[in-house]
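Chemist: There's a structure below that I have some questions on.
The values are calculated or read from the model by the stated rules, or taken from the named source; none is laboratory data. Note that the structure is a prediction, hence the values are computed from the model and not measured. Neighbour counts run over all protein chains shown; Cβ positions are idealised from the backbone, glycine included. Remember, those area values only see protein heavy atoms, side chains included, never the ligands or the DNA or RNA. Shrake-Rupley method; radii C 1.70, N 1.55, O 1.52, S 1.80 Å.
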Amino acid sequence: MNLLSIWELEKKQLEEYVNLALEVKKNPGKYLHSLEGKTLAMVFEKASTRTRVSFEAGMTQLGGHAIFFDFTTSQLSRGETMHDTAKTLGRYVNIIMARLYKHADLLEIAKHAGVPVVNALTEEEHPCQALSDLQTMKEHGKLFAGAKFAFVGDCGFNMANSLMLACAKAGMEVVLVCPKGYPPNQKYLKEAKKYGKVEIVNDPVAGLKNADIVYTDTWISMGLEDEKAERTRAFTPFQVNAGLLSNAKMDCIVMHCLPAHRGLEITNEVIDGKHSVVWDQAENRLHMQKAIMLKLMGKV
Ligand code: CP
Ligand code: NVA
């Protein structure tokens with residue numbers, strides 16, 4: 001069993017992950033020895049703070065051990081294939097998580113490792129973040145059918161892809177608020193529309209109207225650094241600032257997967273303000289990673 005995308009999960013499975021993470025958070029002592037003797041390999045081709053530390057700390061808290069496997073200091077940097085790397089790691093460890101540039105490489109690892117594989121972010125999806133975000137929405141009373149989820153900014157990359165599917169499957173109304181020149185990923189849009197109402201709004205003020213949840217992410221995701229200047233120009237009108245936020249519901253929550261680029265996609269006033277739940281989001285990554293590992297390793 002793997003966790004490669006939100007695409008492959010049904011609503012019931014999303015609920016199971018959320019409920020398990022909530023239980024792990026409430027009752028961490030119950031799972032102290034659940035993964036004793038087990039090893040996690042953490043394959044990183046891109047930078048990370050939250051994902052790395054929450055997986056590693058989570059594995060320790062479950063009684064197991066985690067190995068940071070960095071591209072630049074491994075034989076991958078000298079041309080060893082994903083295929084051969086996956087086959088090798090699968091002989092040493094019990095579970096693998098990988099953060100990679102190409103989703104196709106993740107699928108290659110999953111095909112050959114012979115142990116559970118977790119997507120720790122690719123250009124297509126960030127399922128661990130989306131699952132823990134559902135947990136955070138639930139804790140704040142925002143995970144309900146008909147809640148309006150507005151994703152503001154770059155609606156064409158991993159976070160928007162995973163969240164439009166997760167929120168549509170959860171029965172929410174999804175609004176993708178983005179500039180005309182940067183549309184959502186059409187494949188994900190088509191899939192999300194199978195589960196509920198998903199609209200694209202190019203006017204940020206109209207897009208945030210009555211939103212229960214306002215979510216944003218960087219305009220320049222890892223791998224898109226060369227497009228920084230034109231992206232910053234195009235996305236500036238979509239900055240989540242106090243003025244724009246005043247269009248959302250009075251009791252809305254503001255979410256960001258982090259890392260934030262303060263003063264670009266979100267202002268200090270908003271990220272540090274009363275609507276922001278970003279630190280709960282960051283914390284819940286830990287509980288959800290534990291839930292993911294327990295589930296994939298058949299411990300629950
Ligand atoms: N949100 C998230 O995945 O953060 P990191 O890039 O720090 O892991
Ligand atoms: N969209 C961002 C998410 C970082 C957690 C990126 O891919 O860089």
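Chemist: Scanning the stretch 114-164 for residues that are in contact (Cβ under 8 Å) with a residue 60 or more places away in the chain and small (Gly, Ala, Ser), which turns out farthest from ligand 2 (Cβ to nearest atom)?
Modeler: Taking the candidates together, the pick is Ala147.
Chemist: Oh, and also: Could you please tell me which pairs satisfy a Cβ distance under 7 Å, a separation of 6+ or placement on different chains, a first residue in the stretch 5-34 that is free of Cβ contacts under 8 Å to residues at least 12 places away in the same chain, and a second residue that is among the polar types (S, T, N, Q) and open to solvent by 60 Å² or more (accessible area, probe 1.4 Å)?
Modeler: Once the first residue is free of Cβ contacts under 8 Å to residues at least 12 places away in the same chain and sits in the stretch 5-34, no partner that is among the polar types (S, T, N, Q) and open to solvent by 60 Å² or more (accessible area, probe 1.4 Å) comes close enough.
Chemist: Only residues that are more than 16 Å from ligand 2 (Cβ to nearest atom), buried (at least 17 other Cβ atoms within 10 Å of the Cβ) and assigned to a loop (DSSP other than H, G, I, E, B): list them for the stretch 177-191, please.
Modeler: Scanning the stretch 177-191 gives a single hit, Pro179.
Chemist: Further question on the same structure: Taking the stretch 275-300 as the search range and keeping residues that are more than 14 Å from ligand 1 (Cβ to nearest atom), surrounded by fewer than 23 Cβ atoms within 10 Å (Cβ to Cβ) and small (Gly, Ala, Ser), which one is farthest from Pro259 (Cα to Cα)?
Modeler: Gly298
Chemist: If you scan the stretch 252-285, which residues turn out to be more than 14 Å from Lys138 (Cα to Cα), touching a residue at least 60 places away in the same chain (Cβ under 8 Å) and away from ligand 2 (no atom under 16 Å from the Cβ)?
Modeler: His275 - this is the single residue of the stretch 252-285 that is more than 14 Å from Lys138 (Cα to Cα), touching a residue at least 60 places away in the same chain (Cβ under 8 Å) and away from ligand 2 (no atom under 16 Å from the Cβ).
Chemist: If you don't mind, there's one more thing I want to ask. Picking from Asn27, Asn2, which residue would you name as being polar (S, T, N, Q) and touching a strand residue (DSSP E or B) at 6+ places or on another chain (Cβ under 9 Å)?
Modeler: On inspection, the qualifying residue turns out to be Asn2.
Chemist: If we keep just the residues of the stretch 30-80 that are among the β-branched types (Val, Ile, Thr) and open to solvent by 70 Å² or more (accessible area, probe 1.4 Å), which is nearest to the chain's Cα centre (by Cα)?
Modeler: Thr49
Chemist: Taking the stretch 249-269 as the search range and keeping residues that are within 16 Å of ligand 1 (Cβ to nearest atom), of a type outside the set (A, V, I, L, M) and open to solvent by less than 30 Å² (accessible area, probe 1.4 Å), which one is nearest to the chain's Cα centre (by Cα)?
Modeler: The residue in question is Cys257.
Chemist: What do you reckon, is Ala242 open to solvent by 10 Å² or more (accessible area, probe 1.4 Å) and among the hydrophobic types (A, V, I, L, M, F, W, C)?
Modeler: Details: open to solvent by 10 Å² or more (accessible area, probe 1.4 Å): yes; among the hydrophobic types (A, V, I, L, M, F, W, C): yes.
The answer is yes for Ala242.
Chemist: Only one of Thr122, Thr88 is among the polar types (S, T, N, Q) and open to solvent by less than 30 Å² (accessible area, probe 1.4 Å). Can you tell me which?
Modeler: Exactly one of Thr122, Thr88 is among the polar types (S, T, N, Q) and open to solvent by less than 30 Å² (accessible area, probe 1.4 Å), namely Thr122.
Chemist: Let me ask something else. State yes or no: is Ala234 touching a Pro at 6+ places or on another chain (Cβ under 8 Å) and over 30 Å from Met42 (Cβ atoms)? Spell out the reasoning first.
Modeler: Numbers: touching a Pro at 6+ places or on another chain (Cβ under 8 Å): yes; over 30 Å from Met42 (Cβ atoms): yes.
Spelling it out, Ala234 is indeed touching a Pro at 6+ places or on another chain (Cβ under 8 Å) and over 30 Å from Met42 (Cβ atoms).
Chemist: Next question, about the same structure. Could you tell me whether Glu125 is closer than 25 Å to Glu283 by Cβ, touching a His at 6+ places or on another chain (Cβ under 8 Å) and of a type outside the set (Gly, Ala, Ser)? First the steps, then the outcome.
Modeler: On the way: closer than 25 Å to Glu283 by Cβ: yes; touching a His at 6+ places or on another chain (Cβ under 8 Å): yes; of a type outside the set (Gly, Ala, Ser): yes.
Considered against the rule, which asks whether it is closer than 25 Å to Glu283 by Cβ, touching a His at 6+ places or on another chain (Cβ under 8 Å) and of a type outside the set (Gly, Ala, Ser), Glu125 comes out as yes.
Chemist: Of the conditions (1) farther than 30 Å from Glu173 by Cβ; (2) open to solvent by less than 60 Å² (accessible area, probe 1.4 Å); (3) of a type in the set (D, E, K, R), Asp133 fails just one. Which one is it?
Modeler: (1)
Chemist: Under 7 Å between Cβ atoms, at least 6 apart or on separate chains: pull out the pairs that start in the stretch 221-236 with a residue that is within 18 Å of Met159 (Cβ to Cβ) and end on any residue that is of a type in the set (A, V, I, L, M, F, W, C) and open to solvent by 60 Å² or more (accessible area, probe 1.4 Å).
Modeler: Listed by first residue and then by second, the contacts come to Met222/Ala47.
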